[in-house]
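The values are calculated or read from the model by the stated rules, or taken from the named source; none is laboratory data. Model, not experiment: these values are computed from the prediction. Cβ placement follows ideal geometry from the backbone for every residue including glycine, while neighbour counts extend to all protein chains displayed. The protein model used for the area step is the full one, side chains on, heavy atoms only, and it has no ligands, DNA or RNA in it. Shrake-Rupley method; radii C 1.70, N 1.55, O 1.52, S 1.80 Å.
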Amino acid sequence: MLEVRDELAVTAPLADAAEWTSEAAWSLYRLPFNDLLFEAQTIHRRHFDPNRVQLSKLLNIKTGGCPEDCGYCSQSSHHSTGLAASKLMEVEKVVAEARKAKAGGATRYCMGAAWRNPKPRDMDAIVEMVGAVKALGLETCMTLGMLDRDQSDRLSAAGLDYYNHNIDTSARYYPQVISTRNFADRLDTLENVRQSGMKVCCGGILGMGEEEADRVEMLVTLANLAEPPESVPINMLIPIAGTPLAKAEPIAPIEFVRIVALARIMMPKSYVRLSAGRSAMTDEMQALCFFAGANSIFVGDTLLTAGNPEDEADRKLFRRLGLQAL
Ligand code: SAM
Ligand code: DTB
Ligand code: SF4
């Protein structure tokens, strides 16, 4: 006879435990799929309305020509991807785009620049953008590369709500993907952002040829930060022709969903964003991600340089799943 259980056979470590060990995270990750998803959905419901999803909109305010060599990125000057580089966008243009995003239902506006770090000469325009977008009643987020403490203080004083800075993968695998900076550089910027009082948006990319253990380790690093990131973007690699990762083996959907569930369990109060790569996912895969605890997406048909589902496709998906924008 089948045993009917509504509790997990493996006891999950306490979500608020001070430190996550790799072993505890790995044993959760390896649970039977149904047990893992049940646990994730149970925790999700404790902290969030399971049928509401937060909508963010991205704008590339400075495209291409980046001196960093990130193996996944269309905007690195080390790769021949055919992308034309641009100068920093004018403030008025950014505000006009933000206004459209608000009308489309986005509550957070994320501005990205293809920089290793902002230059002193860029800071005035950046600060002006933050103020002007915030004045529209949108939450503001920026991702501009590495920040020193003076820069993070200035952005925080300007009213920037979130700073996005991804660790992308495990410390072990990081040098396989990027050689122009190291994992510790990333952690330094995250620390500056925290010290300046901003919220942290930090996650990574799955499907870059890493092992399953690297994905779990990435979450262990995030969950063990002094304060876990308020927002955790989980990107599925969008393979870009001309980059070293153009031919990377795609991640199996079930493995992707397992990581979303693990992120939800390990960082119960954070928004987990189903980020890049949704165009290559079926509705069923996205539905499983939402069930596993993802509760934020990027909307609009373009991310920074790559494609994203059309608004109409997302409206249809939300209708099919009974989801509502936050
Ligand atoms: N230059 C800044 C930086 O690297 O922090 C900000 C922009 S960068 C494009 C933001 C993030 O987008 C990266 O950290 C990476 O996680 C994600 N990303 C970039 N290209 C991607 C791709 N082809 N597929 C999936 N995610 C990608
Ligand atoms: C994040 O984790 N994903 C977003 C945002 N943070 C900045 C960027 C996705 C970029 C996808 C590739 C592109 O558009 O070029
Ligand atoms: Fe530059 Fe960011 Fe692209 Fe890396 S991910 S090459 S830092 S724009």
Scanning the stretch 282-326 for residues that are part of a helix (DSSP H, G or I) and among the aromatic types (Phe, Trp, Tyr) gives PHE290, PHE291, PHE318
Output the qualifying pairs, or none if there are none: Cβ atoms under 7 angstrom, residues six or more apart or on different chains, first residue in the stretch 251-264 and closer than 19 Å to LEU225 by Cβ, second residue charged (D, E, K, R). ILE259/ARG215
Report yes if ALA40 is farther than 28 Å from ASP314 by Cα, in contact with a Leu (Cβ under 9 Å, 6 or more places away or on another chain) and in a helix (DSSP H, G or I), otherwise no. no
Candidates GLY207, GLY242, GLY203, filtered to the one that is within 16 Å of ligand 3 (Cβ to nearest atom) and open to solvent by 20 Å² or more (accessible area, probe 1.4 Å): GLY242
Look at THR180 and say whether it is of a type outside the set (D, E, K, R), touching a residue at least 24 places away in the same chain (Cβ under 8 Å) and within 15 Å of ligand 2 (Cβ to nearest atom). no
Residues that are part of a helix (DSSP H, G or I) and away from ligand 2 (no atom under 16 Å from the Cβ), drawn from the stretch 106-129: PRO120, ARG121, ASP122, MET123, ASP124, ALA125, VAL127, GLU128
Could you list all residues from the stretch 247-278 that are more than 17 Å from LEU303 (Cβ to Cβ), part of a loop (DSSP other than H, G, I, E, B) and within 15 Å of ligand 1 (Cβ to nearest atom)? LYS247, ALA248, GLU249, PRO250, ILE251
So for the stretch 58-79 (the condition being touching a residue at least 60 places away in the same chain (Cβ under 8 Å) and away from ligand 1 (no atom under 14 Å from the Cβ)), does at least one residue qualify? no
Of the candidates ALA276, ALA248, ALA287, the one satisfying the condition of being within 16 Å of ligand 2 (Cβ to nearest atom), among the small types (Gly, Ala, Ser) and more than 16 Å from the chain's Cα centre (by Cα) is ALA248
Of the listed residues (ILE61, ILE43), the one being within 16 Å of ligand 2 (Cβ to nearest atom) and β-branched (Val, Ile, Thr) is ILE61
Could you say whether any residue in the stretch 160-171 is of a type in the set (Phe, Trp, Tyr) and within 18 Å of ALA25 (Cβ to Cβ)? no
Complete set of residues in the stretch 115-159 that are among the small types (Gly, Ala, Ser) and either away from ligand 1 (no atom under 14 Å from the Cβ) or on the phi > 0 side of the Ramachandran plot (or both): ALA125, GLY131, ALA132, ALA135, GLY137, GLY145, SER156, ALA157, ALA158, GLY159
For the stretch 245-264, name all the residues that are open to solvent by less than 10 Å² (accessible area, probe 1.4 Å) and either basic (Lys, Arg) or more than 26 Å from CYS110 (Cα to Cα) (or both). ARG264
